[in-house]
Structure formats: C-alpha cells, structure tokens
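Enquirer: This is the structure, below, for whatever I ask next.
Every number in this text was worked out from the coordinates using simple rules, so none of it is lab data. Predicted model only: the values in this text are computed from it and were never measured. All Cβ positions, even for glycine, are placed from backbone atoms using ideal geometry, and neighbour counts span all protein chains on display.
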C-alpha cells in the first residue's frame with residue numbers, strides 16, 4: 001500500500017467539486033440568518049421560560065446547524081464555519097445595537113469590524129473545495 005496518504009492521493013478532486021455551486025453560498029447565508037434569529041430568540045426567551053421565543057430560538061439554531069452541515073459538503077470547514085460563526089456574531093452585535101438599542105463604543109465597533117474583515121480574509125485566501 002502506498003505510504004503517501006495526502007488528501008489529494010486519498011481523495012482526488014472531482015471536476016464538479018472545484019467550484020462550489022452558488023446554492024452552497026445561499027445555504028450558508030441562510031444558516032447565518034438562522035444563527036442570528038436563534039440568538040435573538042434567546043434574548044427574548046427569558047432563560048427559556050417563555051415558550052414562543054424559546055421555540056423560535058431552538059428551531060432557528062436547529063435549522064442553522066442543519067444548513068451549515070449541508071454547506072460543509074461543498075465548502076471546506078475552514079471557510080464555512082468561520083463565515084457562519086463570524087457572520088452570526090457580527091450580525092447579532094449589529095442588530096443588538098441597531099434594533100435593540102444596545103450601546104456601542106469605539107472598541108465594540110472595532111471588534112465587529114475585525115470579525116467582518118477576518119471572515120472576508122478567510123474567504124479570500126481559502127481553497128474553495130471541500131475534502132471527500
């Protein structure tokens with residue numbers, strides 16, 4: 001047996017895996033939206049004591065996890081997860097300020113900006129194909 005067990009030897013790329021379909025990016029965007037919805041549902045659930053926001057939070061997080069698991073079939077984890085987590089983090093922080101009236105200061109704004117820049121940077125330099 002060949003001792004070279006690099007990913008390219010074990011899992012040769014398929015022609016259709018070289019560029020992920022736009023549907024993977026759409027599902028990732030939806031996963032981010034559901035992640036944000038889940039976090040906002042938690043905010044209004046009063047520690048899981050209110051049934052409607054609790055149900056919304058749990059359903060949204062479930063859908064977000066399902067969607068990101070499907071995305072990882074086409075996008076590498078090094079791209080999909082940071083975009084999902086970072087997009088959700090930045091989105092929740094921005095909605096907290098804009099929609100919920102939470103305070104913002106320069107340090108919080110810099111932090112949100114750095115998360116967004118990090119997500120963009122990871123996306124720009126990462127290989128766009130998944131493993132097998």
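Enquirer: If packing is taken as the average count of other Cβ atoms within 10 Å, what order do 98-109, 21-32 fall into, highest mean first?
Expert: Result, highest mean first: 21-32, 98-109.
Enquirer: Please arrange 43, 124 by counting, for each residue, the other beta carbons lying within 10 Å of its beta carbon, fewest first.
Expert: Ordered by Cβ neighbours within 10 Å, fewest first: 124, 43.
Enquirer: Right, another one. If a/c stays under 1.5 just call it rounded; otherwise compare a/b with b/c (prolate if a/b is bigger, oblate if not). Do that for the range 53-129, with a ≥ b ≥ c from the square roots of the Cα gyration tensor eigenvalues.
Expert: Because a/c hits 1.5 or more and a/b fails to exceed b/c, the range 53-129 counts as oblate.
Enquirer: Rounded, prolate or oblate for the range 81-121? Axes are the square roots of the Cα gyration tensor eigenvalues, ordered a ≥ b ≥ c, and the cut-off for rounded is a/c under 1.5.
Expert: Cα axes put the range 81-121 in the oblate bin.
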